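The values are calculated or read from the model by the stated rules, or taken from the named source; none is laboratory data. None of these values were measured; they are calculated from a predicted model. A quick note on method: Cβ atoms are made from the backbone with ideal geometry, for glycine too, and the neighbour counts reach across all protein chains shown.
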Amino acid sequence: MRNEPIIEIRNLRRRFGPQQVLSGVDLDIAHGETLVIMGRSGCGKSVLLKHITGLFKPDEGRIFFEGEDITQFSRKKLFQMRMHFGMLFQGSALFDSMTVEENVALPLVKHSGKNEDEIRETVADKLRIVGLEGAQDRYPSELSGGMKKRVGLARAVVMDPKVVLYDEPTTGLDPIMSDVINNLIRDLQTGLNITSVVVTHDIGSAYKIATRLAMLHEGRIIYEGTPEEIRGTDNEIVRQFVEGRADGPIGAF
Ligand SMILES: Nc1ncnc2c1ncn2[C@@H]1O[C@H](COP(=O)(O)OP(=O)(O)O)[C@@H](O)[C@H]1O
Ligand SMILES: [Mg+2]
């Protein structure tokens, strides 16, 4: 049986100008699960993540985090809520002028009240978890794409968040580095008991890490299931997507 939901999304609607991007998203995210949200490029996956962290406000609908409606939160309450969220952005989003240590330490310096020694120790601990022990003094420009992702991952978990959101964590990485990142995401979920929400269109990664998958299509969640259920589904839209076929109910353009 699944755990209690930590996040509940109800009838979430959001448009940009004439474009209705989210048109009634309903989704529960359970404590401790790794939920993969898949869908075509431009279907609104990143927009959905930004609503979950309160960076975007919906036109309509509700998002509950631990039972409280975050769409009604003050700036201060949103800020406090975000302490419980880690985010790995598309493209890692590291500061080029800062060392690895400074990049990873940033959330701690801003929000934790830890002293310098404690911060240094916490950063070293997280770098060890992502396999970058001793990389503290390097700069992002000296790192490969996979290493940057790992630094981003260390930063995403440095505050010991309850929920980590990953936006396309393996896009642009070679298959081997993708597997390294996928293993890390899995280890974090099991080791630190983090709830993970992963947005991707990389089906191989999705199957590898997901305890459950949801498909976003035309502004709604049209399917949810375990990897096993998805493999056996007769939903033609889902099948076309996971099999990567140009022909089917989803138009190719
Ligand atoms: N800040 C914004 N202003 C206007 N349009 C946006 C904004 N953010 C996203 N969009 C539009 O919303 C749609 C979904 O974008 P996005 O969530 O980034 O897609 P993806 O599923 O690839 O992550 C796109 O058509 C995009 O152009
Ligand atoms: Mg995106």
Being at pLDDT below 95, surrounded by fewer than 18 Cβ atoms within 10 Å (Cβ to Cβ) and within 23 Å of ASP179 (Cβ to Cβ) is true for just one of GLY113, GLY86, GLY134. Which residue is that?
GLY134
Result of the Cβ filter at 7 Å on the stretch 41-54, keeping first residues that are touching a residue at least 40 places away in the same chain (Cβ under 8 Å) and partners that are assigned to a loop (DSSP other than H, G, I, E, B) and within 8 Å of ligand 2 (Cβ to nearest atom), at least 6 apart or interchain, is SER46/GLN90
If only one of THR170, THR211 is over 21 Å from HIS31 (Cα atoms) and in contact with an Asp or Glu (Cβ under 6 Å, 6 or more places away or on another chain), which one is it?
THR170
Taking the stretch 89-108, which residues are under 23 Å from the mean Cα position of the chain (by Cα), of a type outside the set (Asp, Glu) and either surrounded by 15 or more Cβ atoms within 10 Å (Cβ to Cβ) or at pLDDT 90 or above (or both)?
PHE89, GLN90, SER92, LEU94, PHE95, VAL100, ASN103, VAL104, ALA105, LEU106, PRO107, LEU108
Which of the residues spanning the stretch 20-65 are over 18 Å from the mean Cα position of the chain (by Cα) and either within 16 Å of ligand 2 (Cβ to nearest atom) or of a type in the set (Asp, Glu) (or both)?
VAL21, ASP59, GLU60
Of the conditions (1) touching a residue at least 40 places away in the same chain (Cβ under 8 Å); (2) closer than 17 Å to ALA30 by Cα; (3) out of contact with any His (no Cβ under 6 Å at 6 or more places or on another chain), the single one that LEU153 does not satisfy is (2)
Just the residues that are more than 14 Å from ligand 1 (Cβ to nearest atom), of a type in the set (D, E, K, R) and either within 15 Å of ILE52 (Cβ to Cβ) or surrounded by fewer than 21 Cβ atoms within 10 Å (Cβ to Cβ) (or both), please, taken from the stretch 154-176.
ASP160, LYS162, ASP174
Only unsatisfied item for ARG220, checking (1) at pLDDT below 90; (2) more than 19 Å from PRO169 (Cα to Cα); (3) basic (Lys, Arg), is (1)
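Yes/no matrix, rows are residues, columns are (1) away from ligand 2 (no atom under 16 Å from the Cβ); (2) more than 29 Å from ILE7 (Cα to Cα); (3) in contact with a His (Cβ under 6 Å, 6 or more places away or on another chain); (4) not in a strand (DSSP E or B):
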site	(1), (2), (3), (4)
GLY86	yes, no, no, no
GLN90	no, no, no, yes
ASN103	yes, no, no, yes
ALA124	yes, yes, no, yes
LEU127	yes, no, no, yes
LEU132	yes, yes, no, yes
ARG138	yes, yes, no, yes
GLY146	yes, yes, no, yes
VAL164	yes, no, no, no
